[in-house]
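Chemist: Got a structure for you, written out below as structure tokens; questions coming shortly.
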Amino acid sequence: MGQPLPVIVASGGINSAGRTSGGHAYARLVAERLPAADRGRMLDALRQLRGLPATAAEAEVLAGTLIRRLEPAYFDPAAMPCGRRMRSGGERPLVVDMPRRSLPVPLPPGWTVEEEDATHARVVLAGPQEFIMPATREFEVKVASQLPSGFDPAAQYPSRNHPRGLQLAIYAASDALGDLGIPWELLRERVAAEQVSVYAGSAMGQLDEAGTGGMLKARVSGQRATSKYCPLGLAEMPADFLNAYVLGSLGATGASLGACASFLYNLRHAVHDIRSGRARVAIVGAAEAPIIPEVMEGYAAMGALATDKALRQLDGLGADAEPDYRRACRPFADNCGFTIAESAQVVVLFDDALALELGAALRGSVVDVFVNADGYKKSISGPGVGNYVTVARALAAARAVLGEKTFRRGGLLQAHGTGTPQNRTTESQILSRCAGAFGLEDLPVAALKCYLGHSLGAASADQVTVTLDTWRHGIVPGIATIDGIADDVTDEHLAFCLEHTELAPSQRAWAVVNAKGFGGNNASGTLLGPDPTQRMLEARHGARALAGWERASEAVAERRAAHEAAVLAGEATARYLFDHDVLGDGDVSFEEAAVTVGGARIDLGYPSPFADMHSDD
């Protein structure tokens with residue numbers, strides 16, 4: 001028997017389109033093409049998420065989603081906080097009255113306390129002095145892809161001032177477990193502790209006030225650093241939070257960082273764990289919350305973000321006109337930069353035998369994820385040649401697994417599609433040349449960032465979860481923010497989906513998800529659709545096993561439906577188990593070839609992979 005097949009059995013999360021489970025975020029993207037019943041369910045889900053009454057009109061419900069003007073809950077781009085450096089000439093001393101507790105110790109050069117009492121001091125500042133005063137300035141970027149208006153991840157569980165990215169990770173994991181339809185406690189009984197892997201992270205880490213951002217600013221802003229700032233800011237902390245507070249996992253864990261390709265890097269670990277037999281269950285996630293002034297200013301300084309001025313120039317608007325923020329991100333068209341976004345997504349993978357045994361939903365499967373660097377390059381942030389290699393390898397994997405005939409019928413390319421001038425030329429050429437090399441014609445190309453913006457390390461997770469729902473419903477979300485592709489975009493062998501595009505059943509066999517990260521972090525993943533996944537399982541396990549899976553899947557579907565109903569009724573809460581079954585030294589015991597931790601037996605038998613090199617003492 002060949003290697004186990006990593007089967008995608010659940011997905012969950014949150015982005016600007018809404019909740020991932022139940023296909024609601026996807027439904028927001030293709031709302032115009034949905035039957036009335038499906039559209040109604042999507043609107044109900046958004047009303048619940050946003051805390052709107054059932055009577056809220058459709059236009060109001062949809063307005064607070066996707067890419068839009070930056071909302072005051074984040075910060076006011078017309079008055080972005082900043083520090084203004086000020087200098088006094090020093091010709092005449094400055095006299096300042098201040099509370100004694102505000103006196104710096106030691107006093108700066110030129111400062112003299114002239115008078116003081118129990119509470120106040122009169123201070124003379126002689127000679128040139130320098131100050132940094134709180135001020136505001138207008139920020140040139142006023143658009144972002146924010147979570148649906150009114151949704152507060154901190155309110156979903158006792159968040160205890162966690163960084164926003166970790167709040168999103170808790171919500172996404174809880175949503176994915178609800179979508180799984182199999183109680184996590186049952187899985188822990190069926191699967192050995194060391195055969196569960198968790199890989200999740202954030203490319204930027206947690207840079208808001210509750211994480212690294214607070215740590216770096218505390219002292220210079222006159223505040224005290226807390227014990228939480230440093231650890232909660234680490235980039236792998238989403239995985240740590242899932243292990244400690246959601247899953248109670250003792251298995252392999254961590255996070256690989258590859259800038260905007262980070263989710264695919266972690267998916268690669270999960271796939272290799274399952275294919276090698278090291279894991280039977282793998283949880284893969286990404287959480288990114290970069291809509292904060294400092295991060296956005298950093299990307300703006302690179303010229304990477306779409307500014308109001310540049311958007312006006314694209315549309316020929318006057319200096320006082322407000323740009324069409326909905327169309328800020330324009331992949332593969334005349335464009336001016338990407339739109340920053342927040343998102344958290346989690347997918348659950350089983351090996352094929354476990355998926356059949358437990359009746360898990362067969363959402364698709366992952367053949368492999370390919371990662372290659374750019375080699376020598378001039379600009380560390382610029383695109384390079386490594387993405388040719390990853391796309392070609394991903395296409396080759398699809399052809400090898402499915403066969404030439406099925407492969408040639410076509411699949412789907414989920415492009416990185418950031419909305420920058422460099423991306424539109426380089427990625428289109430890569431996709432075109434690779435498709436041509438494999439004899440593919442009119443290969444559909446999607447670019448989801450036109451709706452969802454660029455969620456950095458979570459971007460390819462957005463692409464994967466939308467691909468799963470695209471296969472289920474058969475409609476590729478069109479690149480709705482553009483009128484046509486730019487003159488310098490290469491479209492030979494490709495069919496850019498400018499409108500919502502229906503995929504024929506034969507075109508739902510495979511997809512390649514592409515990601516290009518700053519620094520030369522290229523990743524392309526090969527996914528198989530539900531139909532070829534099911535055919536492969538039947539070929540390996542037989543018709544009787546498939547019949548058993550169908551029977552078991554009925555109970556799973558019922559539990560998924562019950563979870564969905566509870567969410568829509570506002571009765572479901574995020575899974576967060578703080579101070580729950582905490583393990584200590586007394587929970588660990590040893591026997592001859594095993595260690596037991598909290599009742600979970602972990603085999604210590606380790607066959608040497610170097611038996612032919614063994615030298616007995």
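Chemist: How about the range 472-553: which GluC sites (Glu not before Pro) there are in a DSSP loop, with at most 13 other Cβ atoms within 10 Å of their Cβ?
Modeler: Working: sites: 492, 499, 502, 538, 550; in loops: 492, 499.
Those that pass, being in a loop and sparsely packed, are 492, 499.
Chemist: Could you pull out every residue, at least 5 positions away or on a different chain, whose amide H is within less than 5 Å of the one on residue 412? Hs are placed 1.01 Å off N in the peptide plane, and Pro or chain starts have none.
Modeler: Here 510, 511, 512 satisfy the definition.
Chemist: Accessible surface of residue 471 in the full protein assembly, 1.4 angstrom probe, to the nearest 10 Å²?
Modeler: Spelled out: residue 471, probe radius 1.4 Å, area about 10 Å².
Chemist: May I ask for the percentage of alpha-carbon pairs in the range 78-151 that lie more than 16 Å from each other? If you can, show how the numbers build up before the last one.
Modeler: On the way: 1768 of 2701 pairs.
Summing the P(r) of the range 78-151 above 16 Å gives 65 percent of all pairs.
Chemist: Given an 8 Å cut-off on Cα distances and at least 6 residues of separation, report the relative contact order of the range 571-617 as a percent. Present the calculation step by step, with values, prior to reporting the outcome.
Modeler: On the way: 27 pairs, mean separation 9.1, N = 47.
In percent, rounded to a whole number, it is 19.
Chemist: Compute the whole-percent fraction of alpha carbon pairs in the range 233-360 spaced more than 17 Å apart. The partial results should precede the final answer.
Modeler: Working: 5569 of 8128 pairs.
In whole percent, the share of Cα-Cα pairs in the range 233-360 beyond 17 Å is 69.
Chemist: Next up: Quote the charge dipole size of the chain about the Cα centre in Debye, to the nearest 20; the model charges only the Cβ of Lys and Arg (+1) and of Asp and Glu (-1).
Modeler: 720 debye
Chemist: Using a 1.4 Å probe on the protein heavy atoms, what percent of the accessible area of the range 499-555 belongs to carbon and sulfur?
Modeler: 47 percent
Chemist: Then there's this: Quick one: if the Förster radius is 41 Å, what FRET efficiency do residue 115 and residue 152 give, using the C-beta to C-beta distance and rounding to 0.05? Mind dumping the intermediate values first?
Modeler: Details: r = 49 Å, r/R0 = 1.20.
Computed FRET efficiency for residue 115 and residue 152 comes out at 0.25.
Chemist: What list of ³J(HN,Hα) couplings, whole Hz, do you get for the range 310-324 from phi and the Karplus terms 6.51, -1.76, 1.60, once you set θ to phi - 60° and write x for glycine and proline?
Modeler: The phi angles translate into 5, 5, 4, 5, 4, 9, x, 8, x, 5, 9, 7, 7, x, 7 Hz.
Chemist: Compute the Kirkwood hydrodynamic radius of the range 492-563, taking the inverse of the mean of 1/r over all pairs of distinct Cα atoms, and give it in Å to one decimal.
Modeler: Working: mean 1/r = 0.0627 Å⁻¹.
Averaging 1/r across every pair of different Cα atoms and inverting gives 16.0 Å.
Chemist: For the chain, report the accessible area per residue in Å² (1.4 Å probe, heavy atoms, rounded to an integer).
Modeler: On the way: 26980 Å² over 617 residues.
Here the residues of the chain average 44 Å² of exposed surface.
Chemist: Between the range 127-144 and the range 324-346, what is the separation of their alpha carbon centroids in Å?
Modeler: The range 127-144 and the range 324-346 have Cα centres spaced 27 Å from each other.
Chemist: Separate question: Provide, in order from the shortest bin, the percent of all Cα-Cα pairs of the range 219-298 in each 5 Å bin, continuing until the bin that contains the maximum pair distance.
Modeler: The calculated distribution, bin by bin, is 3, 12, 18, 21, 18, 11, 8, 6, 3, 1, 0.
Chemist: Just need log10 I(q)/I(0) for the range 498-613 at q = 0.17 Å⁻¹, Debye formula, equal scatterers on the alpha-carbon atoms, no solvent, rounded to two decimals.
Modeler: Results for the range 498-613 at q = 0.17 Å⁻¹ read -1.10.
Chemist: What is the Cα centroid distance between the range 565-607 and the range 397-465, reported in whole angstrom?
Modeler: Value for the Cα centre distance between the two parts: 39 Å.
Chemist: Filter the GluC sites (Glu not before Pro) in the range 81-135 to those in DSSP coil with at most 12 other Cβ atoms within 10 Å of their Cβ, and list the result.
Modeler: Working: sites: 91, 114, 115, 116, 130; in loops: 91.
Of the GluC sites (Glu not before Pro), the ones in loops of the range 81-135 whose Cβ has at most 12 other Cβ atoms within 10 Å are 91.
Chemist: Here's something else I'd like to know. What number comes out for the charge environment of residue 211, summing +1 per Lys or Arg and -1 per Asp or Glu over other residues with Cβ under 10 Å away? Could you put the intermediate results ahead of the total?
Modeler: On the way: positive: 164, 228; negative: 208, 209.
Counting the neighbours of residue 211, the net charge comes to 0.
Chemist: For residue 217 and residue 36, FRET efficiency with R0 = 45 Å and r from the beta-carbon atoms, rounded to 0.05? Show your work: numbers first, answer last.
Modeler: Working: r = 50 Å, r/R0 = 1.12.
Result of the calculation: an efficiency of 0.35.
Chemist: Using modelled amide H (1.01 Å from N, peptide plane; none on Pro or chain starts), what sits under 5 Å from the amide H of residue 364, excluding residues fewer than 5 places away?
Modeler: Correct list: 8.
Chemist: Follow-up question, since we're still on this one. Select one label from [x] 46, 28, 23; [y] 44, 32, 24; [z] 67, 28, 20: the one whose number is semi-axes √(5λ) of the Cα gyration tensor in Å as derived from the coordinates shown.
Modeler: Only one option fits the structure, namely [y].
Chemist: Please list, in order, the residues from the range 138-169 whose amide nitrogen is less than 12 Å from a point placed 7 Å along the Cα→Cβ vector of residue 73.
Modeler: 146-156
Chemist: Turning to a different aspect of this structure: Loop-only chymotrypsin sites (Phe, Trp or Tyr not before Pro) in the range 236-319, please: DSSP not H, G, I, E or B, and at most 13 other Cβ atoms within 10 Å. Before the final figure, lay out the partial values.
Modeler: On the way: sites: 241, 245, 263, 265, 299; in loops: none.
Passing sites in the range 236-319 do not exist.
Chemist: Separate question: On C-alpha positions alone, give me the angle between the axis of helix 530-541 and the longest principal axis of the chain, in degrees, nearest 10.
Modeler: Roughly 50 degrees, rounded to the nearest 10.
Chemist: Using a cut-off of 13 Å between beta-carbons, work out the net charge of the residues near residue 526 (Lys and Arg +1, Asp and Glu -1, residue 526 not included). The partial results should precede the final answer.
Modeler: Values: positive: 268, 275, 393, 399; negative: 368.
Once all neighbours under 13 Å are counted, the net charge is +3.
Chemist: Rg and Dmax of the range 7-87, Cα atoms, in Å?
Modeler: Rg and Dmax of the range 7-87, Cα atoms, are 17.4, 65 Å.
Chemist: Please give the net charge around residue 330, taking every other residue with its beta carbon less than 12 angstrom from that of residue 330, where Lys and Arg add +1 and Asp and Glu add -1. All intermediate terms of the calculation are to be shown ahead of the outcome.
Modeler: Numbers: positive: 326, 327, 424, 449; negative: 315, 324, 334, 483.
Taking every other residue near residue 330 into account, the sum is 0.
Chemist: What list of ³J(HN,Hα) couplings, whole Hz, do you get for the range 263-278 from phi and the Karplus terms 6.51, -1.76, 1.60, once you set θ to phi - 60° and write x for glycine and proline?
Modeler: For the range 263-278, the Karplus-derived couplings read 4, 5, 4, 6, 4, 4, 4, 5, 4, 5, 4, 6, 5, 7, x, 6 Hz, x marking Gly and Pro.
Chemist: Say the cut-off is 25 Å between C-alpha atoms; which of 309/378; 142/449; 378/516; 449/516 go over it? Could the numbers behind the result be given before it?
Modeler: Numbers: 309/378 29 Å; 142/449 17 Å; 378/516 16 Å; 449/516 13 Å.
In this structure, 309/378 exceed 25 Å between Cα atoms.
Chemist: Of the accessible area of the range 1-123, with the probe set at 1.4 angstrom, what percent is carbon plus sulfur?
Modeler: On the way: 3480 of 6480 Å².
The nonpolar share, carbon plus sulfur, comes to 54 percent.
Chemist: Show the residues, 5+ positions off or on another chain, whose built amide H is closer than 5 Å to the amide H of residue 19.
Modeler: Hits under the 5 Å cutoff: 25.
Chemist: Tell me, Kirkwood radius of the range 313-360 from alpha-carbon pair distances, in Å? Kindly include the intermediate steps, with their values, before the conclusion.
Modeler: Values: mean 1/r = 0.0655 Å⁻¹.
Radius from the Kirkwood sum: 15.3 Å.
Chemist: Any chance you could give the angle, 0 to 90 degrees and rounded to 10, that helix 386-402 forms with the longest Cα principal axis of the chain?
Modeler: Taking Cα atoms only, the helix is inclined about 30 degrees.
Chemist: Using Cα pairs under 8 angstrom and six or more residues apart, how large is the relative contact order of the chain, in percent? Could the numbers behind the result be given before it?
Modeler: Working: 1397 pairs, mean separation 114.9, N = 617.
Answer for the chain is 19 percent.
The values are calculated or read from the model by the stated rules, or taken from the named source; none is laboratory data. Note that this is a predicted model, so its numbers are computed, not measured. Here the Cβ is made from the backbone with ideal geometry for all residues, glycine too, and neighbour counts use every protein chain on show. Heavy atoms of the whole protein, side chains included, go into the accessibility calculation; ligands, DNA and RNA do not. Shrake-Rupley method; radii C 1.70, N 1.55, O 1.52, S 1.80 Å.
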